[in-house]
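Worksheet for the structure shown next.
The values are calculated or read from the model by the stated rules, or taken from the named source; none is laboratory data. All values derive from a computational prediction rather than experimental measurement. Here the Cβ positions follow ideal geometry from the backbone for every residue, glycine too, while neighbour counts run over all protein chains shown. Surface accessibility is based on the protein's heavy atoms, side chains included, excluding ligands, DNA and RNA. Shrake-Rupley method; radii C 1.70, N 1.55, O 1.52, S 1.80 Å.
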Amino acid sequence: MTMTLDLITIGRSSVDLYGAQVGGRLEDMGSFDKYIGGSPTNIACGTARLGLRSAVITGVGDEHMGRFIREQLQNEGVDTTGVKTDPDRLTALVLLGIRDQEQFPLIFYRENCADMGLTVDDIDPEFIRSARAVVATGTHLSHPRVETATLKALQIARDAGMKTALDIDYRPNLWGVAGHGDGESRFVESVAVTAKLQSTLHFFDLIVGTEEEFHIAGGSTDTIEALRAVRAVSDATLVCKRGAAGAVAFKGDIPDNLDDGQIGPGFPIEVFNVLGAGDGFFSGLLKGWLDGEDWPTALKYANACGAFAVSRHGCTPAYPSWEELQFFLDRGIKRPDLRNDSELEQVHWATNRKGDWSTLRTFAFDHRLQLEEMPGYTPEKGSAFKDLCLDAALKVANGRRGYGILCDNRIGRSALHRASGSGLWIGRPTEWPGSRPIEFEPELGDDLGTLREWARENVVKLLVFCHPDDDDKTAKMQVARVKRLFTSARRNGLEFLLEVIPSKVGAVDDMTTATLIQTFYDAGVFPDWWKLEPFKTGVAWANAVGTITRNDPRTRGIVVLGLDAPEHELASSFALAAKQPLVKGFAVGRTIFGDAARGWLQGKMSDADAVAQMADRYARLCRIWDDARTSAQENAV
């Protein structure tokens, strides 16, 4: 059959709850960051980030955490055909912490968890044969039920001439040879575990493990003897991970010295977090192996991916994209604590953002001051009206991607929260309306600390009234405040949209906005999105786009704002903006909702009529934008 996948991993999946505080005991952790985890799940995500077509066979519960894993896998581009939803078991959880450079405490909550519910009936031969390789991990050889399922997948792969690989992934307490409090333990001798592993090693073309993991697989604490014991029952290429000493591959007989195997260059970086580093390593190794690279090159990929994981918080979130890996290999190490390398971290952030927003048609109803000044306004009515705005947006989007809203939390909290999970792009303002110099909404807190409470899908939006002719004090104050908010947004994993409006401050020409854009980049602000005024000339657009592209070629793009312009003026501005591929769409508000708001707030328009009018105007603007983009593309050809 046609091979649509490069690899399928099989085994455990979990929700990893990582202690956010570093340097303390797990007992003292006050908050946790939530990621997906489990070696096969991490490897599927790590290889997908490197450009391989990956899938995972695992089990999740029929509950919120199970849906979280499934959605995150899909966001990472991992095929979830083999993810079983188990109605009787809960999704596995793991609590982890970073104590210091040597201690990484963790607790596995895996008693009869969902991924341990996999059976032979969950292994679809046709699905297995749709891949080039099957990757198993040791934990799912620890119990008869999941062992049988794993061996069935491996036998199908062997019969089909596919490649097979094993990450020994030895966790003594998951084999029942260490207690629940010993989750951090990496090695406990066990004759039974060794026998079980050796009975399966003949299934594999590639076996990967640390020295301790080969000790359990080979039944000896002498690494050379252990490797030779594994070689006696398997012809696989053996890759031994040696920590700071790098890794070494053995294709045939095991030499007397570990240094006599095939090696790839290592990377001298600071150890911050070893949890998940092996899965990152294996992801890079699989990329090289399945792409047909020689072992030194595959090991170079593996060592680099392991270095990223060692230097960052979390497992899957730490792994690099293919573009990021190439950037790192070409540029080299600038500082050993990679997580503090701002240039590298920007590439990591920009190349691992989720969601396709190549088109973004945005209904902006984040207005506060303009609504509050309308006759008939009350806070209660304002909230109810913004719910109607959301109804209009959802009606037009109709479940399709490429549509979004801008909505505030102060008046529009109900609509903002209801929009979460709807598939809409959601921008949320932070500026105090009309402020110059910029002031923030009080709800952010003096330290901007409430950003940690925002839904992760909310995009931090900031409007700045600024101009290149601003006096030095005003300019420096505004840039500093923008940088502060940008830094806080990034720290909290939130995308950032910067809107600049110079025309309300002074005269503008073809270089005004481009000059402002450069000022913010010079300050170290790299917005995911720019929201810009509709320029009157193609030169002004070219200047702005050129400045953004030179400074940040990986930006999400630009949306053009409306400024309460009538529809025919917006059509003209869209036609000019659409000629720039970096302009992804629009963010328009009062042109859509102004008349409805005035009528509805005074009781002159029903809910249904208000929604219908706004939906009609929003839909027309969407068509105008789409037509403008199509025309621009046709003319470009």
Residues of the stretch 304-335 classified as over 24 Å from Phe68 (Cβ atoms), surrounded by 20 or more Cβ atoms within 10 Å (Cβ to Cβ) and out of contact with any Ser or Thr (no Cβ under 8 Å at 6 or more places or on another chain), total: 7
Residue count for the stretch 1-56, restricted to those that are within 20 Å of Gly292 (Cβ to Cβ) and among the small types (Gly, Ala, Ser): 4
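Got a sec? Which of Arg436, Arg361 is basic (Lys, Arg), in contact with a helix residue (DSSP H, G or I) (Cβ under 9 Å, 6 or more places away or on another chain) and part of a loop (DSSP other than H, G, I, E, B)? Before you say what the answer is, go through the steps one by one.
Working: Arg361 fails: part of a loop (DSSP other than H, G, I, E, B).
Residue meeting the stated conditions: Arg436.
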Residue within the stretch 553-560 that is touching a helix residue (DSSP H, G or I) at 6+ places or on another chain (Cβ under 8 Å), closer than 27 Å to Pro502 by Cβ and touching a residue at least 40 places away in the same chain (Cβ under 8 Å) present: yes
Lone qualifier among Thr378, Thr351 - being free of Cβ contacts under 8 Å to residues at least 12 places away in the same chain and either over 21 Å from Phe526 (Cβ atoms) or open to solvent by 30 Å² or more (accessible area, probe 1.4 Å) (or both): Thr378
Helices (runs of 4 or more DSSP H) wholly inside the stretch 203-303 containing at least 3 residues that are open to solvent by less than 50 Å² (accessible area, probe 1.4 Å), among the charged types (D, E, K, R) and free of Cβ contacts under 8 Å to residues at least 60 places away in the same chain: none
Conditions (1) under 20 Å from Ile405 (Cα atoms); (2) assigned to a loop (DSSP other than H, G, I, E, B); (3) among the charged types (D, E, K, R); number of the one not met by Lys584: (2)
The stretch 516-533: number of residues that are open to solvent by less than 40 Å² (accessible area, probe 1.4 Å), in contact (Cβ under 8 Å) with a residue 40 or more places away in the chain and not aliphatic (A, V, I, L, M): 6
Qualifying residue in the stretch 550-573 (condition: open to solvent by less than 20 Å² (accessible area, probe 1.4 Å) and over 25 Å from Cys622 (Cβ atoms)): yes
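So which of Arg335, Arg339 ends up being over 30 Å from Asp627 (Cβ atoms), assigned to a loop (DSSP other than H, G, I, E, B) and not hydrophobic (A, V, I, L, M, F, W, C)? Break it down into steps so the answer makes sense when it comes.
Numbers: Arg339 fails: assigned to a loop (DSSP other than H, G, I, E, B).
Only one candidate qualifies: Arg335.
Can you tell me which residues in the stretch 478-507 are of a type in the set (A, V, I, L, M, F, W, C), open to solvent by 40 Å² or more (accessible area, probe 1.4 Å) and under 30 Å from Arg353 (Cα atoms)?
First, the residues of the stretch 478-507 that are of a type in the set (A, V, I, L, M, F, W, C): 479-480, 482, 485-486, 489, 494, 496-498, 500-501, 505, 507.
Now narrow it down to the ones that are open to solvent by 40 Å² or more (accessible area, probe 1.4 Å): 480, 505, 507.
Listed by number, the list holds a single entry, Ala480.
Given the options Lys579, Lys604, name the one that is over 32 Å from the mean Cα position of the chain (by Cα), among the basic types (Lys, Arg) and open to solvent by 50 Å² or more (accessible area, probe 1.4 Å).
On the way: Lys579 fails: over 32 Å from the mean Cα position of the chain (by Cα).
None of the others qualify; the one that does is Lys604.
For the stretch 93-172, which strands (runs of 3 or more DSSP E) that fit wholly inside it have 1 or more residues that are in contact with a Gly (Cβ under 6 Å, 6 or more places away or on another chain) and either in contact (Cβ under 8 Å) with a residue 24 or more places away in the chain or surrounded by fewer than 19 Cβ atoms within 10 Å (Cβ to Cβ) (or both)?
On the way: elements: 93-98, 106-109, 131-137, 163-167.
Per the criteria, 93-98, 106-109, 131-137.
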